[in-house]
Amino acid sequence: DIQLTQSPSFLSASVGDRVTITCRASQGISRDLAWYQQKPGKAPKLLIYVASTLQSGVPSRFSGSGSGTEFTLTISSLQPEDFATYYCQQLNSYPLTFGGGTKVEIK
Amino acid sequence: EVQLLESGGDLVQPGGSLRVSCAAPGFTFSSYAMSWVRQAPGKGLEWVSGISDSGFTTYYADSVKGRFTISRDNSKNTLYLQMNSLRADDTAVYYCAKAGRTGGYDSWGQGTLVTVSS
């Protein structure tokens, strides 16, 4: 099974900050990676797919990059509504797997 | 508008069985692969099982293989997860999710809570 390791697991930041989250895969997954945002008590929301394509309706301050084993999610200027937990997911091979999550909190 | 409406979550004793459902009005259900994803209280997301658009191909996480069965009825626009031999560590909110055409899961239900406890 492909393991995904997200870092950091917790991040404290201020409104307006640039934030970067990393997701490392235990083996190469090409660009078969998605990023999700989840707020407490809510279902996850797709932000980015195939590593760097922004889902329709997602603000352009979100961006993704990477291929192979290392990927990043960047929020260029953190907004109040962005405080949430973020997960990466690999879709290269079954069983599909998620990273452990990165909780972004207000500093 | 895509809607995914889970139901069937309940309190079940260890060793028991339960079937959860996901009704999917509002889109051409038979054209999309689907998955179940769960989240234990205070924990991260865990992919559980997936099924092709036709229903002919299914996939499972190692943690549920041999105990859970995913299926779909395209005539009823409904996805199912039959869960047998339930254990305490199966306690979670179970989400159904629709696979996007080009990657990722682009629509999710609100989730249904399954609690395994005596």
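The values are calculated or read from the model by the stated rules, or taken from the named source; none is laboratory data. Every value quoted in this text rests on a predicted model; they were computed, and no experiment measured them. Using ideal geometry, Cβ is built from the backbone for each residue, glycine included, and neighbour counts are taken over all protein chains shown. When the accessible area is computed, the model is the full protein with side chains, heavy atoms only, and any ligands, DNA or RNA have been set aside. Shrake-Rupley method; radii C 1.70, N 1.55, O 1.52, S 1.80 Å.
Here are a few things to note about the model shown:
- Within region A:86-100, the set of residues being among the small types (Gly, Ala, Ser) and either touching a helix residue (DSSP H, G or I) at 6+ places or on another chain (Cβ under 7 Å) or open to solvent by less than 10 Å² (accessible area, probe 1.4 Å) (or both) comprises just one member, A:99.
- Residue match in region A:4-22 (condition: assigned to a loop (DSSP other than H, G, I, E, B) and either modelled with pLDDT under 95 or crowded, with 18+ Cβ neighbours inside 10 Å (or both)): no
- Number of residues in region B:6-54 that are more than 19 Å from residue B:100 (Cβ to Cβ) and more than 12 Å from chain A (Cβ to nearest Cβ) equals 17.
- Residues located in region B:32-60, provided they are open to solvent by 20 Å² or more (accessible area, probe 1.4 Å) and closer than 12 Å to residue B:72 by Cβ: B:32, B:33, B:52, B:53, B:54, B:55, B:56, B:57, B:58
- When residue A:73 is tested against (1) within 8 Å of chain B (Cβ to nearest Cβ); (2) closer than 25 Å to residue B:42 by Cβ; (3) under 11 Å from the mean Cα position of the chain (by Cα), just one condition goes unmet, and that condition is (1).
- Restricting region B:86-105 to residues that are farther than 24 Å from residue A:52 by Cα and small (Gly, Ala, Ser), the residue that is farthest from the other protein chains (Cβ to nearest Cβ): B:88
- The set of residues in region A:53-107 that are touching a residue at least 24 places away in the same chain (Cβ under 8 Å), farther than 21 Å from residue A:40 by Cβ and either of a type in the set (Lys, Arg) or assigned to a loop (DSSP other than H, G, I, E, B) (or both) comprises A:68, A:69, A:76, A:77, A:91, A:92, A:93, A:95.
- Identity of the residue in region B:61-85, open to solvent by less than 60 Å² (accessible area, probe 1.4 Å) and within 14 Å of another protein chain (Cβ to nearest Cβ), that ends up farthest from residue B:29 (Cα to Cα): B:63
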